[in-house]
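*Asks:* The structure is given below, and queries will be raised subsequently.
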Amino acid sequence: MELLVDLFGYLSIVLHGATLAGQAIALGGALFLVLLAQPKAWLLGATGARISDGVARLAGWAALAMAAAEAASVALPALLLADTLQMSLMDALGAQFALAGMARTVLGLVLAALLFGMGGRAPWWLVLPVVLGVLATATLSTHAAARLEGSLPLLAVSGIHQFGAALWIGGIPAFLLALRRAQVPGAMVVVGERFSTLSIIGVACLLGSAGALWWAYIGDVHGMYGTAYGVMVSAKSAMFGALLLLGLGNFRLIRRLRRDRGQSPTRLLRFAEVELGVGIAIFFAASSITSVPPAVDLRDDRVTMQEIIERNWPQWPRLESPDHAELTQPALQAKLDAEAREAGRKPQLAFNPGSGILPPRNAADIAWSEYNHHWAGIFVVAIALLALLHRAGLGIAGHWPLVFLGLAGFLFFRSDPEAWPLGAVSLMDSLRDVEVLQHRLIVLLLVVFALFEWRVRITRQSSGWQPKVFPILTAVAATALLTHSHAIANVREQLLIEITHTPLALAGLAGAWARWLELRLDPPGNRIAGWVWPLCFLLVGVVLLVYREA
Ligand code: HEM
């Protein structure tokens, strides 16, 4: 249970993100079924019923996934509450968050039963009330439920916001399934045109409600860059903008497909795949937004534009590292070790992972971290330049994925100097600290996609699942970075660091999905994408090179 306490903050953001993504795909699939697949079945011929049944099954599985994630999202805090406050589990489950969560879980199971039970014939008058029920319970975990004033209109706005997210982003898996089953261009146009209309309604709901949410929770420009809440909403808005461009590209292609059935629908599928990938990252960003206080509630302790400019003003990177012994934790550990030796007893640990006690930092700690980011930047710039050279025809440069192994080794040794192998804290104990755990996971991700991508390059493989490992894991790493938080006592310092990490995550996400398009688009789109992703990595490298913590 203690381990759960330590990791609780991060686990609850990840679980809530999974709930939001599962909810959107379940509701989006159910809405796709009753607003497109069923009413348009007569136009889709023999594939009509196959599309409806497939969409119902897909939405049913998503509803089960949402119910499972939401049940875990309720069980985790309820168990911790019962354990830490010595109260009965039943009392803990009586709390408002738990009641709302349990209602959402039950409605998810009802939706799954309905869709699995009746398949593509599930009638709208049974499906829509359950969809509305899930949306209503979903709003109870947003900030609107905790507002003293105006919470009812805000609950309605949050509901419209999540409805829009489900209708558009949540409907994409069903859209992809329908396109794959539609086969004939005529059927694709029928599906594409109706889904365009649903997406436009979804975008309108998202945009309208986003304006109201902005006004209620942020309210001024300073709130957008001076608070963690605002910075995350800015990141969401940037991803939203990218999705609108992809959506516009598909809207225009469907109109061309209607005029000329000979057009290839490949781009339609590929852009929709990327919309879904970026959309899922937005759900995790949304999950971390609701875990921090709205900007309007944080009038003091805001970061100024001046501070952001000063902190990010480019300076020559730090290529010399302070000594490990100068760092706060190792220095304190050495002192504790000496005292224990004198007293003839087992030394105490200077750093107690997961204790939630934020360690003090001295200038050497800051220099050590800056050195790490700068050298990581050099590795990533090297990878990007080698990938560009390989793209330009230099064969030997195709071994660039091996440079990721160097970066993984570098980060393994240096990311957490208080823990093994450099520090006194054992590997297993160090995993109790959420930041150390995230660093170790990133190192693992780097090793996996380095080896996969190298094998793909030397075997010149372009089809199958192996080439997809690199873009997918890069997207996972970028999404994890988006919801990554730093255990630093000073709120402003924490935000100044996150302000640098957010563009890193966005550039990583753009790079991941550009590589996906290089693999999946027809020429010339795949060639253009093949130049775009190394440039995104180059941007990541440059941002790391100018990274500073003081
Ligand atoms: C594709 C685009 C978008 C999707 C899929 C999306 C999705 C979501 C979801 C699912 C939530 C609920 C989070 C929860 O219940 O924990 C949410 C909350 C929120 N969204 Fe969006 N959103 C999108 C675009 C935007 C944009 C452009 C804005 C810009 C203002 C925005 C502002 C917000 C805010 C402020 C909240 C938090 C509400 C709260 O604090 O309770 N969203 N979003």
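The values are calculated or read from the model by the stated rules, or taken from the named source; none is laboratory data. Note that the coordinates shown come from a computational prediction; the quantities given were computed from them, not determined experimentally. Don't worry about glycine lacking a Cβ; one is built from the backbone with ideal geometry, like all the others, and counts go over all protein chains shown. Side chains included, ligands, DNA and RNA excluded: accessible areas come from the protein's heavy atoms. Shrake-Rupley method; radii C 1.70, N 1.55, O 1.52, S 1.80 Å.
*Asks:* Nearest 10 degrees is fine. How inclined is helix 172-182 to the longest principal axis of the chain, computing both from alpha carbons?
*Replies:* 40 degrees
*Asks:* Continuing with the same structure: Based on the Cβ-Cβ distance of Lys468 and Arg391, what FRET efficiency does E = 1/(1 + (r/R0)^6) give at R0 = 22 Å, to the nearest 0.05?
*Replies:* Working: r = 19 Å, r/R0 = 0.86.
Efficiency, rounded to the nearest 0.05: 0.70.
*Asks:* Which translational diffusion coefficient, to the nearest whole µm²/s, is obtained for region 305-545 from the Stokes-Einstein equation, given a Kirkwood hydrodynamic radius over C-alpha pairs, 10 °C and 1.306 mPa s? Let's see the in-between values first.
*Replies:* Numbers: Rh = 19.5 Å.
Here the translational diffusion coefficient equals 82 µm²/s.
*Asks:* A follow-up question, please. If you take the beta carbon distance between Leu109 and Leu405 as r and set R0 to 60 Å, what does 1/(1 + (r/R0)^6) give as a FRET efficiency, to the nearest 0.05? Write out the running numbers ahead of the final one.
*Replies:* Details: r = 45 Å, r/R0 = 0.75.
Calculated transfer efficiency: 0.85.
*Asks:* Next up: 7 Å from Cα along Cα→Cβ at both Ile200 and Glu320: what's the point-to-point distance in nm?
*Replies:* Each label point is offset 7 Å from its Cα along the Cβ direction, giving 6.4 nm.
*Asks:* Order these peptides, 137-147, 506-516, by their mean beta-carbon neighbour count within 10 angstrom, highest first. Intermediate values should be presented prior to the final figure.
*Replies:* Details: 137-147: 20.5, 506-516: 24.9.
Final packing ranking: 506-516, 137-147.
*Asks:* With axes computed from alpha carbons, what is the tilt in degrees of helix 434-458 against the longest principal axis of the chain, rounded to the nearest 10 within 0 to 90?
*Replies:* 60 degrees
*Asks:* Gly525: net charge of surrounding residues, Cβ under 11 Å, Lys/Arg +1, Asp/Glu -1, itself excluded?
*Replies:* Working: positive: Arg267, Arg270, Arg520, Arg527; negative: Glu518, Asp522.
Neighbourhood net charge equals +2.
*Asks:* If you average 1/r across every pair of different Cα atoms in the chain and take the reciprocal, what Kirkwood value do you get, in Å? Don't skip to the end; give the middle numbers.
*Replies:* Numbers: mean 1/r = 0.0396 Å⁻¹.
By the Kirkwood definition, the hydrodynamic radius is 25.2 Å.
*Asks:* Explain nothing, just the number: dipole magnitude of the chain about its Cα centre with +1 on each Lys and Arg Cβ and -1 on each Asp and Glu Cβ, in debye rounded to the nearest 20. Mind showing how you got there, number by number?
*Replies:* Working: 40 positive and 36 negative charges, 602 e Å.
Charge dipole, the chain, about its Cα centre: 2900 debye, nearest 20.
*Asks:* In whole percent, and with a 1.4 Å probe on the protein chains, what portion of the accessible area of region 2-221 is carbon and sulfur?
*Replies:* Details: 6730 of 9110 Å².
That fraction is 74 percent.
*Asks:* Could you order the peptides 112-123, 257-268 from most to least packed, using the average number of other C-beta atoms within 10 Å per residue? Present the calculation step by step, with values, prior to reporting the outcome.
*Replies:* Values: 112-123: 17.4, 257-268: 14.2.
Highest to lowest by the protection proxy: 112-123, 257-268.
*Asks:* Name the residue farthest towards the positive end of the dipole of region 2-221 from the options Leu7, Ala92, Ala204, assuming +1 on Cβ of Lys and Arg, -1 on Cβ of Asp and Glu, about the Cα centre.
*Replies:* Ala204
*Asks:* If you don't mind, another one. Place the peptides 10-23, 523-536 in order of packing, highest mean first, counting for every residue the other Cβ atoms within 10 Å and averaging per peptide. Could the numbers behind the result be given before it?
*Replies:* Values: 10-23: 22.8, 523-536: 16.4.
Final packing ranking: 10-23, 523-536.
*Asks:* Also, I was wondering about something else. Along the positive direction of the dipole of region 420-463 (beta-carbon charges: Lys, Arg +1; Asp, Glu -1; about the Cα centre), which of Phe449, Ala424, Leu437 reaches farthest?
*Replies:* Result: Phe449.
*Asks:* Rolling a 1.4 angstrom probe over the protein heavy atoms, how many square angstrom per residue are accessible across region 305-545?
*Replies:* Working: 11580 Å² over 241 residues.
Normalised by residue count, the accessible surface of region 305-545 is 48 Å².
*Asks:* Identify the chymotrypsin sites (Phe, Trp or Tyr not before Pro) of region 196-249 meeting these criteria: DSSP loop state and at most 14 other C-beta atoms within 10 Å of the C-beta. Working shown, then result.
*Replies:* On the way: sites: Trp214, Trp215, Tyr217, Tyr225, Tyr229, Phe240; in loops: none.
Answer by residue number: there is no such site.
*Asks:* Got a sec? Charge dipole of region 17-138, +1 on Cβ for Lys and Arg, -1 for Asp and Glu; which of Ala46, Ala78, Pro129 is way out at the positive end?
*Replies:* Ala46
*Asks:* Something else now. For Asn526 and Ala334, what does the FRET efficiency come to when R0 = 51 Å and r is the distance between their Cβ atoms, rounded to the nearest 0.05?
*Replies:* On the way: r = 55 Å, r/R0 = 1.08.
The pair Asn526/Ala334 has a calculated efficiency of 0.40.
*Asks:* Sticking with this structure for a sec: Nothing charged except the Cβ atoms of Lys and Arg (+1) and of Asp and Glu (-1): what's the magnitude of the dipole of region 305-545 about its Cα centre? Round to the nearest 20 debye. It would help to have the intermediate numbers written out before the result.
*Replies:* On the way: 19 positive and 20 negative charges, 198 e Å.
The dipole of region 305-545 has a size of about 940 debye.
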